[in-house]
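Step one of this worksheet: look at the structure below.
The values are calculated or read from the model by the stated rules, or taken from the named source; none is laboratory data. Just so it is clear, the structure is predicted and the values come from calculations on it, not from any experiment. Note that we place each Cβ from the backbone using ideal geometry, even for glycine, and neighbour counts take in every protein chain shown.
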Amino acid sequence: MGKQGTIAAGKRILKQNVLCRQIIFLLEGEVQVSLETSKGEHLLSTLKAPTVLGEISFFSGEPSSAHVTTLSQVKVIVIDFDVLHQQVVEGDRVTGLILLNMSEAMAKRASAMTRQLSEIYAKQQEMETQVSEVQQARTAMFGEWSFI
């Protein structure tokens, strides 16, 4: 159903903002996921096998949301969207298991992302409170000074 292969360390296997209608099953090795912004490239996470890569672009039909670069030599299976779709239409049981496993991986990533966003918002609220306290202290210390 898919193509199995080995990819050397240091290779970019998914490029941000490029459409990829293939799903990549990472069987062995480690990759890093990074996001390119106007302020440079930022590491989002490091993933170890076994996992799935490229699922957002694969299922949404939109360009990849991040870069994925191999950190070590990796072993992968790559499946084209049309091939997987045809297997689903034919009712292939193995394909059903593959889709179930991909769904689980995506749900875990969505859950982790939600936790990270929650932490960011909590830190933001804490910082806003600290800024407010500093402004109040500044006003209390210097607010009534007048040299005229």
Cβ pairs under 8 Å, 6+ apart, first in the stretch 5-28 and in contact (Cβ under 8 Å) with a residue 40 or more places away in the chain and of a type in the set (S, T, N, Q), second surrounded by 15 or more Cβ atoms within 10 Å (Cβ to Cβ) and assigned to a loop (DSSP other than H, G, I, E, B): Q16/S64; Q16/S65; Q16/A66; N17/S64; Q22/G54
Residue match in the stretch 64-76 (condition: surrounded by 13 or more Cβ atoms within 10 Å (Cβ to Cβ), out of contact with any Leu (no Cβ under 8 Å at 6 or more places or on another chain) and charged (D, E, K, R)): no
Filter result for the condition that a residue is of a type in the set (S, T, Y) and without any contact (Cβ under 8 Å) to a residue 12 or more places away in the chain, over S72, S65, S111: S111
Subset of the stretch 29-44 [without any contact (Cβ under 8 Å) to a residue 24 or more places away in the chain and part of a strand (DSSP E or B)]: T37, G40, H42, L43, L44
Qualifying positions in the stretch 39-54 - surrounded by 15 or more Cβ atoms within 10 Å (Cβ to Cβ) and more than 10 Å from the chain's Cα centre (by Cα): A49, T51, V52
S57 vs. criteria within 22 Å of A107 (Cβ to Cβ), at pLDDT below 95 and among the small types (G, A, S): yes
